[in-house]
Amino acid sequence: MLKTGQQACEIPRAVMAHAVDVEGRRPVDAAAHAAHVGPRGAVWGEGATLAALHEGRVMVLAVDDTFCKAGARCGTCRSLWDFVLASCPLCGSASIEPVGDVVEMALEQALEQRAALEIVRSPAARRMMNGRGGMAALLRW
Ligand SMILES: [Zn+2]
């Protein structure tokens, strides 16, 4: 079930090759783990997850494999946003590029940072993700 503004999408094969597929495991994987470590140990939702990614804090990135969202990327500092903005709040650059799927770009940046990826597929885990946002992350610090 998709919320307004979401559309089904596929995670690229190159990314999936590095991802841990959480299907078949208990429906408490990274997502549930994230819910139980404190507010500094995990973030939920697109905005918070993308901010943590930009800071290099993401240890495990968990996404619903059907979740994707249009957004923007700063052409100067490479920060990712889940909405299109006129200029980058972080570096002030006006070279903002709209992107069709910010989730895919987040997965690629997480790989570059050697974060683990968890792709959520089981219905129970997906329901939990949907209630809080299609992305979550466990943080390094
Ligand atoms: Zn920027």
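Each reported figure results from applying straightforward, stated rules to the coordinates on display, with no laboratory input. From a predicted model like this one, the values you see are computed outputs, not experimental measurements. Ideal geometry is used to build each Cβ from the backbone, glycine not excepted, and the neighbour counts take in all protein chains shown.
Of note:
- Amide H to amide H distances under 5 Å link Ser79 with Cys74, where only residues 5 or more positions off or on other chains count and H is placed in the peptide plane.
- Under a 5 Å amide H cut-off, with hydrogens placed 1.01 Å from N, Val58 pairs with Arg140 among residues at least 5 apart or on other chains.
- In plain terms, the chain from Arg13 to Ser87 could stretch by 23.5 nm, reckoned as 0.36 nm per residue minus the Cα-Cα distance.
- Taking amide hydrogens as placed 1.01 Å from N in the peptide plane, the amide H of Gly134 sits under 5 Å from those of Glu46, each at least 5 positions away in sequence or on another chain.
- Converting phi to 3J(HN,Hα) with the Karplus coefficients 6.51, -1.76 and 1.60 and the offset θ = phi - 60°, the stretch 123-128 yields x, 5, 5, 5, 4, 5 Hz in sequence order, with x at every glycine or proline.
- Least to most buried among Leu53, Leu80 (fewest other Cβ within 10 Å first): Leu80, Leu53
- Between Ala124 and Thr76, the simple spin-label model (points 7 angstrom out along Cα→Cβ) gives 4.8 nm.
- Arranged from fewest to most other beta-carbon atoms within 10 Å of their beta carbon, Cys74, Cys9, Cys91 become Cys91, Cys9, Cys74.
- Fewest neighbouring Cβ atoms within 10 Å first, the residues Thr76, Thr49, Thr66 line up as Thr76, Thr66, Thr49.
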